[in-house]
Structure formats: structure tokens, C-alpha cells
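One structure is given below, encoded as C-alpha cells.
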Amino acid sequence: MREDVNEKCAVVGIFGHQEASKLAYFSLHALQHRGQEAAGISSSDGVKLHTIKKRGLVMRVFDEAKLKTLSGSSAIGHTRYSTAGDDSILDAQPVFARYDLGEMAIVHNGNLTNADEVRKALIKKGAIFQTYMDTENLIHLIAKSEKAKLIDRIIDAVHRIEGAFSLVFLSRTKMFAMRDRHGFRPLSLGRLPSGGYIVASETCAFDLVGATYIRDVEPGELLIFEKDKEPISIKVFEPTPKHCIFEYVYFARPDSSVFGQSVYQTRKNMGKELAHVSPVEADLVIPVPDGGVPSAIGYAQESGIPYEMGIMRNHYIGRTFIEPTQEMRDLKVKMKLSPMIDIIKGKRVIVIDDSIVRGTTSRRIIRMLKEAGASEVHMRVSSPPTTDPCFYGVDTPDKEHLIAANKTIDEICKYIEADSLAYLDEASLLRSVNATKDNYCTACFTGKYIV
Ligand code: AMP
């Protein structure tokens, strides 16, 4: 069974606004970087839920006419990421269901670590599943709960699941937002200019719709939104924060604040730390766009070495299908990233990227820079070696495909054909994100899994 279906997603919820689905749509735009495979919105007009979901980018899935059909003053939305090949429309979210209490829709960011066990147990008892999504477990758990009220059924259901979940539920009259006890994935609460509320994976969605940030939904907290009431908070689990440090390294947008801190600032700090721990004589610091930009700025400022845009990124490349020959593969990289020959030629360059996963990107970029005439290419990575896969919602390949799990740093340096290679160490990374206690999950760098 596939286990990789709820990764790298974004969720949003709008409550108490005449054009809730429009605001959800704009928010999903801002969150598009968290998933490009499919998008969906469910709205409630108080009597009925309406859902539209489809494969493709937010802009392609919705238009004015479709949004009009998503009527009502509350809406939840989702953008989905999945690995190539998972193309079932059934696996798009929101997950909608009719059950004995009426109608509900759910959106989910994260990965449930006991999804298979729960699913098998449900199937044994006669449940029929339509999708491969972890989220469908929740629908069944809620529908089968003995409790009378939805709120109690949700609490029942989240006690049966483990792992990472930032969830938003929509019923005909209420909205609920919930984060797992570790707060692996982000979820923030904001106020809309007109007085309603928004919850979203990242605050860049707030900025787009003019909402003001109130606070994060706490790890283990359930928020209930009801008409003409302040949100009610229930502490479902004792919080034991283990925020995903990779949100800062790669995932979140730099203009967002996640886990209460500016992503841009933490990324810049990583670059500054990197300049301290692995200095090298060079003429230029250049980022691998877009991920490496803030840390390259930090590295340049700290080292005094000039920052330049040495690589241009074409933003209009979707999935490319040209693969068969090496020549075509090289062309494909150049379609996305091209060297600024005049800037690079004859120069010793420091290239900064946020992470090396398989190593293929770095190898191609370094070759490209050398072909463009760089005299030396020093690779600096603003996070520690990615040695272990993530089970909490980040799309990482199996250990056998993680280059740092299988090669030493020297061997990686040779493989990517760099003149030198250095990574940020764990302590410096933790300093960059102002970790005060043991409140971050670093399993992708350490293999220390919490759940
Ligand atoms: P690779 O060629 O596998 O080493 O890919 C490294 C590149 O992928 C870096 O430029 C990262 O910014 C980017 N990256 C890191 N993590 C992810 C992820 N979970 N999904 C997609 N891209 C990623």
C-alpha cells in the first residue's frame, strides 16, 4: 500500500466571511508551493456542503463560476503534493462524507504513522475505503464513534491516530482546527479584516487576504469556530513540541512566519552560521534559486564575499517529460536553471543550496557552472546531511536513495564534482532557528524519530 500520500500539503480554513471560498482560493494561491498536484475547496452555506477538487494548480482548478457555486460563509481548502504517478482524483482533498450527523469535510497536512494499522482494523470491521489517503481513516473513525456530538467524535478520532497532523474540519455550521501534540506541521490562526477567522499552514496566506496573525494553533489544541462566538480552545493532548526543522530549511515560504518565527530570518541565520563553520576563499557567493537565496545572502553578509545571482531560474517549467538521453536530461536542467556566464566566468564561486537529497541537482548545477567557466565551485549546504527519511509529512526518498546515508562527505564532494563541500552542523542549525530546548524534530538529519 502506498504510504506517501499526505505529504507536503497546505491547509486553510475560513470562518465567518461572506466570500469564504474566494478567500480560501486566494490563500491556496499563497500556499501553492506546498503542493502542486491537486487543489480543492469545500464550503458550507449552513445547510449543505459544496466541494470542488481536481488535479492541477489552484489557478487551473478554480474559476469565477466555480467559486460562485462554493457558496457560504465558511470554507476549507487544500493543495496536495504527491510523488509522480499518484494521479487519482479521489486522492485530492477535502475529503467529504455524509454520515449520521450530516455532512463533513476534512483537510489534512502531515502523515499518520499508524495509518495502516487503523485502516486494516476498520476494514476488518467492514469499512469500505475509496482512497489511499490517511485522512479517510478520520472520516471512518468519526462516523463510527459512539459519541453524540461531532466535537466529541473528533476528540475520539484523534486519540486513535498517531503521527503528524494539522487538520481542519468543516461541518454545516462549525469549523474545527487541530494540531498533533508535537506540532510537527505548522498551523496559524488569524483574524480577517471583516472580523471572521482564518487558519492556514503558513502566514503568507494571511498577508494575501489582509488577515492579522493572532497566534499559532498550539500543539495538541483543538479550536472550535461557531457563528457569533470567539473560537473555543480545548487542550486535547498535553503539548510536547517537536516542530519540523525542515520547514525552516526548505519547505515554508520565506515571507511566512512558522512556529512563531520569520522563515527568511532563520534561513539567513543558517547562511551566517555556515560562513563561520565553513569559510572558503572565493570571489562570489551564489544561491541555487529559490531555496538557497536567503542563506546565500546571510553567507555573503557574514563573509564579506559579494553576493551575485549566478544562476537564473525559469519559473514557468512544470513537469518536464524529456528524459531518455543524457543530452536531453542536461537540457532539462538548463531549462529550469541557467548559468549567468558573464558573472561566473573565471570566478571562484561558493554555491549555496538548502539541502542535498539525492545529489543529482547539485551534480548537474556544478557541472553547469564549470561549463560556464567557473574556475572553482565550492558547495555549501545550509543544513546537515539528509541521512534519514521523514515519516511526518516531508517527501524524502528511502534511505537507499539519500546520498548522505550512503556516502561520506568526501565521497559526496567527489560525486557532485565540487572543489569542496561543507554542510551546516546540527548545533549551528539549532542556533539558527533559536531552539531553546529540545523542541524541534531533526529526524531527517539524525534518525532520532519521536513517534
Ligand atoms: P537532489 O537532487 O535530490 O539532491 O535535490 C536537492 C534539491 O531538492 C535542493 O535544491 C532542495 O532545495 C530540493 N529539495 C529538498 N527537499 C525537497 C523536498 N522534500 N521536495 C522537493 N524538493 C526538495
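The values are calculated or read from the model by the stated rules, or taken from the named source; none is laboratory data. Remember, it's a predicted structure, so these values are computed and weren't measured experimentally. FYI the Cβ positions are ideal-geometry reconstructions off the backbone, even for glycines, and counts take in every protein chain you see. These accessible areas exclude ligands, DNA and RNA; they are computed on the full protein's heavy atoms, side chains included. Shrake-Rupley method; radii C 1.70, N 1.55, O 1.52, S 1.80 Å.
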For V433, are the conditions met, namely being open to solvent by less than 10 Å² (accessible area, probe 1.4 Å), in contact (Cβ under 8 Å) with a residue 24 or more places away in the chain, more than 30 Å from I450 (Cβ to Cβ) and more than 14 Å from the ligand (Cβ to nearest atom)?
no
Among the numbered conditions (1) part of a loop (DSSP other than H, G, I, E, B); (2) open to solvent by less than 50 Å² (accessible area, probe 1.4 Å); (3) of a type outside the set (K, R), tell me where G346 comes up short.
(2)
With respect to K399, determine if the residue is within 16 Å of the ligand (Cβ to nearest atom), closer than 26 Å to R185 by Cβ and open to solvent by 60 Å² or more (accessible area, probe 1.4 Å).
yes
Check on H140, assigned by TED's automatic domain parsing to the domain that holds V47, of a type outside the set (F, W, Y) and surrounded by 15 or more Cβ atoms within 10 Å (Cβ to Cβ)
yes
Suppose we keep only residues that are in a strand (DSSP E or B) and aliphatic (A, V, I, L, M) within segment 361-400. Which one would you say is farthest from I344 (Cα to Cα)?
V381
In segment 17-29, is there at least one residue being open to solvent by 40 Å² or more (accessible area, probe 1.4 Å) and within 19 Å of the chain's Cα centre (by Cα)?
yes
Within segment 243-258, can one find any residue that is closer than 23 Å to K22 by Cβ, open to solvent by less than 10 Å² (accessible area, probe 1.4 Å) and assigned to a loop (DSSP other than H, G, I, E, B)?
yes
Of the residues I198, I214, which is open to solvent by less than 50 Å² (accessible area, probe 1.4 Å), of a type in the set (V, I, T), in a strand (DSSP E or B) and away from the ligand (no atom under 16 Å from the Cβ)?
I198
Flagged pairs (Cβ under 8 angstrom, 6 or more apart or on separate chains; first in segment 255-277, touching a residue at least 12 places away in the same chain (Cβ under 8 Å) and among the aromatic types (F, W, Y); second outside any strand (DSSP E or B) and open to solvent by 40 Å² or more (accessible area, probe 1.4 Å)) are Y264/P254; Y264/D255
Given the criterion in contact with a strand residue (DSSP E or B) (Cβ under 9 Å, 6 or more places away or on another chain), within 16 Å of the ligand (Cβ to nearest atom), open to solvent by 50 Å² or more (accessible area, probe 1.4 Å) and over 25 Å from N109 (Cβ atoms), identify the matching residue among E417, E371.
E417
Of those in segment 349-364 that are over 24 Å from A443 (Cβ atoms) and either of a type in the set (K, R) or at pLDDT below 95 (or both), the residue least open to solvent (accessible area, probe 1.4 Å) is R363
Suppose we keep only residues that are modelled with pLDDT under 95 and near the ligand (Cβ under 9 Å from one of its atoms) within segment 381-396. Which one would you say is least open to solvent (accessible area, probe 1.4 Å)?
V394
How about segment 33-57: which of its residues are within 16 Å of G72 (Cα to Cα) and either open to solvent by 20 Å² or more (accessible area, probe 1.4 Å) or at pLDDT below 95 (or both)?
D45, G46, V47, K48, H50, T51, I52
